[in-house]
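The values are calculated or read from the model by the stated rules, or taken from the named source; none is laboratory data. Source: prediction; values computed, not measured. Here the Cβ positions follow ideal geometry from the backbone for every residue, glycine too, while neighbour counts run over all protein chains shown. In case anyone asks, the SASA skips ligands and DNA or RNA and just uses the protein heavy atoms, side chains included. Shrake-Rupley method; radii C 1.70, N 1.55, O 1.52, S 1.80 Å.
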Amino acid sequence: MDPDSFNDTFQHRFARVADIRLHYVIGGEGPPVLLLAGFPQSWYAWRRVMPYLAKHHKVIALDLPGQGDSDKPLRGYDTKTLAGTVHGLMSELQISHYFVAAHDVGAWVAYPYAILYENEVGKLALLDAGIPGVTLPETAPLGENSWKSWHFLFNTIPDLPEGLIEGRERFYLNWFLRRKAADPLAFSEADISEYERIFTSPGGLRAGLAYYRAIPQNIADNKILSAKRLKMPVLAYGAEFSLGASMLEGVKKVAENVVGGTVQNCGHYVPEEAPEFISDELTRFFGE
């Protein structure tokens, strides 16, 4: 879909939930699908998937608090709190039954969300995410692939990440997006510039790091929540050059009805690297 057609289909909107201004992009007709993106990204991560889904669904691609053009509050980055804010948006939109698809940090939020609001979430899709207390090891892995998760500890250190990243945001983003992708050309210079824009906006770096600084709380909360297994159908995919089959196996521990597998020849950024595959899988899964 060309940019003009995309803009004809989707609209940028804002809503205020609990005194937080949220930005979201909405378009299409049919059963609603809520899309949640990861770090260091925004709704824009779903731009290649949204036109496919909009053929059959009303699509709501949200900037979580701290992401994109949503507000970046000083606190409230634990995933239970974020889930409550997201639910406030769906209530504001008067949407009471919908599907959820989420990647990376978005999946961190989607997991407790699906437990807390299980009567509203018809189906759940989780993509390549080390969900704290669920699919994320409690200790940092060592070995040939340990470089992929170095930031889980680095981003939690007080003050040091800010001191090293500020003024070098584009270098940092280039490393994340292109080094962890199977094909670095999946991200154009314009894509990097969009992520740089939001990452260097006031509070952008602080908010991005705050997701990681809340991990201990997320682990504690998810250990309690995991006593209740997910009952809705769940689709879980890991990327071949990232979490792979471990994503599906991890989700099986907390859900009763799980399908999925591995996205071949794909790095961590599944919605951007394999949009046609994921669009087909989501369309099939949500349509069953």
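May I ask for the Kirkwood hydrodynamic radius of the range 120-252, worked out over all distinct Cα pairs and given in angstroms to one decimal?
Details: mean 1/r = 0.0598 Å⁻¹.
Evaluated over the range 120-252, this radius sits at 16.7 Å.
Carbon and sulfur atoms: what percent of the 1.4 Å accessible area of the range 59-115 do they account for? Walk me through the numbers on the way to the answer.
Details: 660 of 1510 Å².
Looking at the range 59-115 in its full context, I get 44 percent from C and S.
Say we join alpha carbon atoms closer than 10 Å with springs in a Gaussian network model of the chain; which of HIS103, HIS56, HIS268 then has the biggest fluctuation?
Judging by the Gaussian network model, the answer is HIS56.
Can you give the percent of C-alpha pairs in the range 193-260 whose distance is more than 20 Å? Working shown, then result.
Details: 1255 of 2278 pairs.
Taking all Cα-Cα pairs of the range 193-260, the fraction more than 20 Å apart is 55 percent.
If the only charges are +1 at each Lys and Arg Cβ and -1 at each Asp and Glu Cβ, what is the size of the charge dipole of the range 170-288 around the Cα centre, to the nearest 20 debye?
Dipole about the Cα centre, nearest 20: 760 debye.
At 4 °C and a viscosity of 1.567 mPa s, what translational diffusion coefficient does Stokes-Einstein give for the chain, taking Rh as the Kirkwood radius over Cα pairs? Give it in µm²/s as a whole number.
69 µm²/s
Please compute P(r) over all alpha-carbon pairs of the range 12-126, binned at 10 Å starting from zero, and give each bin as a whole-number percent.
Each 10 Å bin holds this share of Cα pairs: 15, 54, 30, 1.
Normalised by the number of residues in the range 136-280, what is the relative contact order in percent for Cα pairs under 8 Å and 6+ residues apart?
Working: 151 pairs, mean separation 30.9, N = 145.
That works out to 21 percent.
With Cβ to Cβ distances under 14 Å as the rule, what net charge do the other residues near ARG229 carry (K, R +1; D, E -1)?
Around ARG229, the surrounding residues sum to +3.
Of ALA210, ILE278, GLY238, whose Cα points farthest to the positive end of the dipole of the range 204-288 (charges on the beta-carbon: +1 Lys, Arg; -1 Asp, Glu; origin at the Cα centre)?
ALA210
For the range 154-203, take the alpha-carbon Rg, divide it by the Kirkwood Rh, and send me Rg/Rh.
1.00
Could you sort out which of LYS180/LYS252; LYS55/LYS231; LYS72/LYS223; LYS58/LYS80; LYS223/LYS253 sit more than 23 Å apart by Cα distance in this structure?
From LYS180/LYS252; LYS55/LYS231; LYS72/LYS223; LYS58/LYS80; LYS223/LYS253, over 23 Å: LYS180/LYS252; LYS55/LYS231; LYS72/LYS223; LYS58/LYS80.
Cut-off 10 angstrom, C-alpha nodes, Gaussian network model of the chain. Which of ALA18, ALA102, ALA110 fluctuates the most?
Among ALA18, ALA102, ALA110, the largest mean-square fluctuation in the Gaussian network model of the chain belongs to ALA18.
Once you keep just the Cα pairs under 8 angstrom separated by 6 or more residues, what percentage relative contact order results for the chain?
Averaging sequence separation for qualifying contacts and normalising by length gives 20 percent for the chain.
Counting only heavy atoms of the protein chains, get the accessible area per residue of the range 116-268 (1.4 Å probe) and round it to a whole Å² value. Spell out each step's value before the answer.
On the way: 7260 Å² over 153 residues.
Ligands and nucleic acids excluded, the figure is 47 Å² per residue.
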